[in-house]
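Note sheet for the following structure.
The values are calculated or read from the model by the stated rules, or taken from the named source; none is laboratory data. Keep in mind it's a predicted model, so treat the numbers as computed, not measured. Positions of Cβ are generated from backbone atoms using ideal geometry, with glycine treated the same way; all protein chains shown enter the neighbour counts. Heavy atoms of the whole protein, side chains included, go into the accessibility calculation; ligands, DNA and RNA do not. Shrake-Rupley method; radii C 1.70, N 1.55, O 1.52, S 1.80 Å.
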Amino acid sequence: MSAMSNYLENALVNATLRNTTYTSPATVYVGLFTSDPTDAGSGTEVSGGSYVRKEATFGAPANGASVTTADIAFTQATGTWGTVTHFGIFDASTAGNLLYHGALTTSKTIETGDVFNISAGNLSVTLA
């Protein structure tokens, strides 16, 4: 299950009800968090130890849901990242705007040498 950020909620309401242009990002990126990013984007994103957000590709939606079409393999950790509990989908590889967020099904502690991977089809965004 995923939730929309305040940023995206406002952008979509403006686009659909107020004729305000919203430009979709050409590429979206997945970030990992050690605490809930919340709709406000206030969580703690992983940093250091070779961590970088990774590009994600989603398929066409069906019944309001879209899933990833390729694996998302994060760079091997060169330091401890902590316990990853949540993900965020952003419109930029650094900084940018949080679009969607959610909790991982299972939290994972990332130690030096670990590789965090999200297999194709295992990350979904659902609008309900």
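Among residues other than Leu8 whose Cβ falls under 13 Å from its Cβ, what is the net charge (Lys/Arg +1, Asp/Glu -1)?
Charge balance in the 13 Å sphere: -3.
Using only Cα atoms and rounding to the nearest 10 degrees, what angle (0 to 90) does helix 6-17 make with the longest principal axis of the chain?
20
Quick check: pseudo-label points 7 Å beyond the Cα along Cα→Cβ at Ala3 and Thr57, how many nm apart are they?
Output for this residue pair reads 3.1 nm.
For a quick check: with amide H placed at 1.01 Å from N, whose amide H comes under 5 Å from Val28's, ignoring anything fewer than 5 positions away on the same chain?
When sequence neighbours closer than 5 places are left aside, the close amide H contacts are Ala56.
Carbon and sulfur: what percent of the chain's accessible surface (1.4 Å probe)?
50
Which FRET efficiency value, to the nearest 0.05, is calculated for Ala103 and Asn14 with the Förster distance at 30 angstrom and r the Cβ-Cβ distance?
Efficiency at R0 = 30 Å is approximately 0.60.
For a quick check: with amide H placed at 1.01 Å from N, whose amide H comes under 5 Å from Asn122's, ignoring anything fewer than 5 positions away on the same chain?
Under 5 Å from the amide H of Asn122 lie the amide H atoms of Thr68, each far enough along the sequence or on another chain.
How much accessible area per residue does the chain have, in Å², with a 1.4 Å probe?
Value for the chain: 54 Å² per residue.
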